[in-house]
1. Rounded to whole Hz and in sequence order, give me ³J(HN,Hα) for segment 33-44 from the Karplus expression 6.51 cos²θ - 1.76 cosθ + 1.60, θ = phi - 60°, writing x for Gly and Pro.
2. For a quick check: with amide H placed at 1.01 Å from N, whose amide H comes under 5 Å from residue 25's, ignoring anything fewer than 5 positions away on the same chain?
3. Trypsin sites (Lys or Arg not before Pro), restricted to segment 72-129: which are DSSP loop and have at most 16 other Cβ atoms within 10 Å?
4. Neighbour counts of other C-beta atoms within 10 Å: give me 25, 96 arranged from fewest to most.
5. Just the number, please: percent antiparallel of the DSSP beta bridges in segment 19-136, rounded to the nearest 5.
6. For labels at residue 62 and residue 30 in the simple 7 Å Cα→Cβ model, what's the distance in nm?
7. Evaluate 2.2 N^0.38 Å with N set to the residue count of segment 19-136, then give the Cα radius of gyration divided by it.
8. Could you pull out the GluC sites (Glu not before Pro) across segment 55-133 that fall in loop regions by DSSP (anything but H, G, I, E, B) with no more than 14 other Cβ atoms inside 10 Å?
Amino acid sequence: MNRLLVLFFVLNLLSCSPHVELIVFNNTGLTIDIVVHSGSGENEMLQVENGAPLAIPFRGTRSWVVRSFNWRYESSHTLPPERFEIRPVTRIASIFHLQLNRDGGVYLLDPSQPFPATEFVEQPLGYPLRPTSGPR
């Protein structure tokens, strides 16, 4: 009986979708205002200093807008490739580091790269992200 309970618990954990965060580093040279639009219809307004990171949940976020530049980014439902994933031992989460540059490009960073990055590894298909609206 105990083995069945353990097996059920492990299968239950494996079937849960993991918590994923996108850590977006502001490298625009300006303090920016970002509005995160969630799937539940709620909007969250955040101010991010130049040179500071912002955590955006991957699941449940439909889009985010950098109001300072009127850039809109649509949320993809596809995770970035695993080679960009950071799995902290102390958290049940996957983290991906991205960097928002002055040109509107959002680049994936290699897990070993510190913020701010001046050079970027070869970007996978779909990256760098580009805004779907606003000046570029």
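Values quoted throughout were computed directly from the atomic coordinates according to the rules given, and no laboratory measurement underlies them. In this text the structure is predicted, and so the values were computed from the model without any measurement. Cβ atoms come from the backbone with ideal geometry, glycine included; neighbour counts cover every protein chain shown.
1. Couplings: 9, 10, 10, 9, 9, 8, x, 7, x, 7, 10, 10 Hz.
2. Those lying under 5 Å, H to H, from residue 25 are 54, 98, 99, 100.
3. For trypsin sites (Lys or Arg not before Pro) across segment 72-129 that sit outside H, G, I, E and B with at most 16 neighbouring Cβ atoms in 10 Å, the list reads 91, 102.
4. 96, 25
5. Among the beta bridges of segment 19-136, antiparallel pairing accounts for roughly 75 percent.
6. Label-label distance for residue 62 and residue 30, simple model: 2.7 nm.
7. 0.99
8. Within segment 55-133, the qualifying GluC sites (Glu not before Pro) (loop, at most 14 other Cβ atoms within 10 Å) are 119, 122.
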